[in-house]
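Trainee: Structure provided below as structure tokens; questions to follow.
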Amino acid sequence: MRTTVNELPVFLMSLWGGIIAGHIAALLRLPGKLYLRSLRGRRGSVPLKGLFCVLDVISALAVTAVLCAVTVRANGGEPRAYALFAFAFGAILPGALLARALG
């Protein structure tokens, strides 16, 4: 029988995995955000914007890989709604903090 006490480690591991994935995504997107904030970035260079799009795709793949790894490690591969919500909440936090810091 599953109880709340038994599911708490799954929730916390999913939250922690989301925070790690959010940091990975924020670090991969940081060069593009900093470049596009500059004056030269507003005029834009097509090869650099293409490179930043590739970095966005790599960050999405990294977040997906971390989600799969955390789901398998924490829950035996069973996707549970509370674990996915904890992962999503943890992944959003670093990006929101970075957006607030960049203004």
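Trainee: Just give me the residues in the stretch 26-66 being assigned to a helix (DSSP H, G or I), small (Gly, Ala, Ser) and modelled with pLDDT under 90, in sequence order.
Mentor: Within the stretch 26-66, ALA26, GLY32, GLY41, GLY50 qualify.
Trainee: I'd like the full set of residues that are under 16 Å from ASN6 (Cβ atoms) and aliphatic (A, V, I, L, M), limited to the stretch 82-91.
Mentor: ALA83, ALA86
Trainee: Are any residues in the stretch 58-80 farther than 19 Å from LEU30 by Cα and not hydrophobic (A, V, I, L, M, F, W, C), and if so, which ones?
Mentor: Residues satisfying the conditions are THR71, ARG73, ASN75, GLY76, GLY77, GLU78, PRO79, ARG80.
Trainee: May I ask you to list the residues in the stretch 81-103 that are surrounded by fewer than 14 Cβ atoms within 10 Å (Cβ to Cβ) and over 26 Å from LEU30 (Cβ atoms)? Quick ask: steps written out before the conclusion?
Mentor: We begin by selecting, within the stretch 81-103, every residue surrounded by fewer than 14 Cβ atoms within 10 Å (Cβ to Cβ); these are 81-82, 96-97, 99-103.
If the condition is that a residue be surrounded by fewer than 14 Cβ atoms within 10 Å (Cβ to Cβ) and over 26 Å from LEU30 (Cβ atoms), then ALA81, TYR82 are the ones that fit.
Trainee: Any residue that is part of a loop (DSSP other than H, G, I, E, B), out of contact with any strand residue (DSSP E or B) (no Cβ under 6 Å at 6 or more places or on another chain) and among the β-branched types (Val, Ile, Thr) - is there at least one of those in the stretch 82-93?
Mentor: no
The values are calculated or read from the model by the stated rules, or taken from the named source; none is laboratory data. Bear in mind the structure is a predicted one, so any value in this text is a computation, not a measurement. Backbone-built Cβ (ideal geometry, glycine too); neighbour counts: all protein chains shown.
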